[in-house]
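Read-outs: derived from the displayed coordinates by stated rules, not from any lab. On a predicted model such as this, the values are computed, not experimentally measured, just so you know. All Cβ positions, even for glycine, are placed from backbone atoms using ideal geometry, and neighbour counts span all protein chains on display.
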Amino acid sequence: MRPVKRLLSALLLAGLSCLQPATAQNLPSIVDMRDASLQTGSPEEVAAAESSLLGRHMFSLQWVSWERFGTATIRRGSNGLEINAYQALDGNYVKLDGLIEIIDRRHFYFTGNVVTRVSYLNNGQACERSGTFLFQAKDARRYWRMQPIGNPCDNAADYIDIYFKR
């Protein structure tokens, strides 16, 4: 029995040495950016916020373009408020798909998937994120920006913005 245990231990150690550490490039980043200090607004405020969110919005990632915007479409679906957003230019793109939970007129949570691809970030590979992210419109800004802004696949700040309807 002892030689068998030694053999199994050797095989286990050999197998472990072949494992690669998980990196942002081979494992999607799953996060939950809920902020306990944010309180859901009154029913009237949430209804007003929903009204302002429903429909089509300009959508952008600064690495793709701030001149040629994409589109974010928010609609009421069977699971709540659903969002699909996409912007692309010259092979670079950002897309997000998921659900929205309204906090108030300046804040909402997005739960779903975010994919960015920029030729000069992350060796030109797509960066995928899944989880719950906070979108907030600070001060007098006329857009909601995804938080955190840090790109988990490269040393860069991603400004993923959904603009107020005009």
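Below are the figures for this structure:
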item: Calculated from backbone phi, Karplus (6.51, -1.76, 1.60) coupling profile of region 101-114 in Hz, x at Gly/Pro; result: 10, 6, 9, 7, 5, 10, 9, 8, 9, 10, 10, x, 10, 10
item: Under Karplus coefficients 6.51, -1.76 and 1.60, residue-wise ³J(HN,Hα) of region 146-163 in Hz, glycine/proline x; result: 5, 10, x, 8, x, 7, x, 9, 7, 8, 8, 9, 9, 9, 9, 10, 10, 8
item: Long-range HN-HN contacts of residue 164 with modeled amide H, under 5 Å; result: 143, 144
item: Binned Cα-Cα distances of region 42-166, short to long, each 5 Å bin given as a whole percent; result: 2, 12, 22, 26, 19, 11, 6, 2, 1, 0
item: Mean Cβ count within 10 Å, highest first, over the residues of peptides 107-118, 44-55; result: 107-118, 44-55
